[in-house]
1. Answer yes or no as to whether Asp13 is surrounded by 10 or more Cβ atoms within 10 Å (Cβ to Cβ) and among the charged types (D, E, K, R).
2. Based on what the data block shows, is Glu21 acidic (Asp, Glu), on the phi < 0 side of the Ramachandran plot and surrounded by 10 or more Cβ atoms within 10 Å (Cβ to Cβ)?
3. Being in a helix (DSSP H, G or I), within 26 Å of Lys43 (Cα to Cα) and not β-branched (Val, Ile, Thr) is the filter here, so list the residues in segment 11-28 that pass it.
4. Quick one: in segment 42-62, of everything that is small (Gly, Ala, Ser) and either within 10 Å of the chain's Cα centre (by Cα) or surrounded by 13 or more Cβ atoms within 10 Å (Cβ to Cβ) (or both), which residue is farthest from Pro30 (Cα to Cα)?
5. Take Thr67 and decide whether it is modelled with pLDDT under 90 and within 18 Å of the chain's Cα centre (by Cα).
6. Could you tell me whether Ser74 is loosely packed, with under 10 Cβ neighbours inside 10 Å and among the polar types (S, T, N, Q)?
Amino acid sequence: MMIGSVLVMAVIDMPAFGDPESPAHLHVVPRYIERGYEETGVKNIVAAVLISYRGYDTLGELTVIFTAGAAVISLLGRRDE
């Protein structure tokens with residue numbers, strides 16, 4: 001119950017979806033656009049964000065997807081005798 005209350009309070013305090021005045025749009029995005037090439041050396045801004053700025057997060061997502069895929073393949077490849 002207490003955890004639910006904390007989560008509800010956190011969601012209420014979040015900026016509205018797509019709000020141009022949210023901190024992500026005011027601070028993070030301009031930095032990626034202005035200094036992305038200087039900091040990463042990658043010309044493609046999407047690749048720069050995924051590889052350099054969010055590398056560990058992307059690696060974690062890939063690990064989860066690979067593990068789920070391997071589990072599905074192992075279940076489908078099973079033969080009952």
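The values are calculated or read from the model by the stated rules, or taken from the named source; none is laboratory data. As the structure is a computational prediction, the values presented were derived from the model and not from experiment. In this analysis, Cβ positions are derived from the backbone assuming ideal geometry, glycine residues included, and neighbour counts consider all displayed protein chains.
1. Working: surrounded by 10 or more Cβ atoms within 10 Å (Cβ to Cβ): no; among the charged types (D, E, K, R): yes.
The answer is no for Asp13.
2. Numbers: acidic (Asp, Glu): yes; on the phi < 0 side of the Ramachandran plot: yes; surrounded by 10 or more Cβ atoms within 10 Å (Cβ to Cβ): no.
It is false that Glu21 is acidic (Asp, Glu), on the phi < 0 side of the Ramachandran plot and surrounded by 10 or more Cβ atoms within 10 Å (Cβ to Cβ).
3. Going residue by residue through segment 11-28, those that are in a helix (DSSP H, G or I) are 11-13, 23-28.
Still in the running and within 26 Å of Lys43 (Cα to Cα): 23-28.
Residues satisfying the conditions are Pro23, Ala24, His25, Leu26, His27.
4. Keep residues of segment 42-62 that are small (Gly, Ala, Ser), which gives 47-48, 52, 55, 60.
Still in the list and also either within 10 Å of the chain's Cα centre (by Cα) or surrounded by 13 or more Cβ atoms within 10 Å (Cβ to Cβ) (or both): 48, 52, 55, 60.
Working: Ala48: 14, Ser52: 16, Gly55: 19, Gly60: 26 Å.
Result: Gly60.
5. Numbers: modelled with pLDDT under 90: no; within 18 Å of the chain's Cα centre (by Cα): yes.
Spelling it out, it is not the case that Thr67 is modelled with pLDDT under 90 and within 18 Å of the chain's Cα centre (by Cα).
6. Numbers: loosely packed, with under 10 Cβ neighbours inside 10 Å: yes; among the polar types (S, T, N, Q): yes.
Considered against the rule, which asks whether it is loosely packed, with under 10 Cβ neighbours inside 10 Å and among the polar types (S, T, N, Q), Ser74 comes out as yes.
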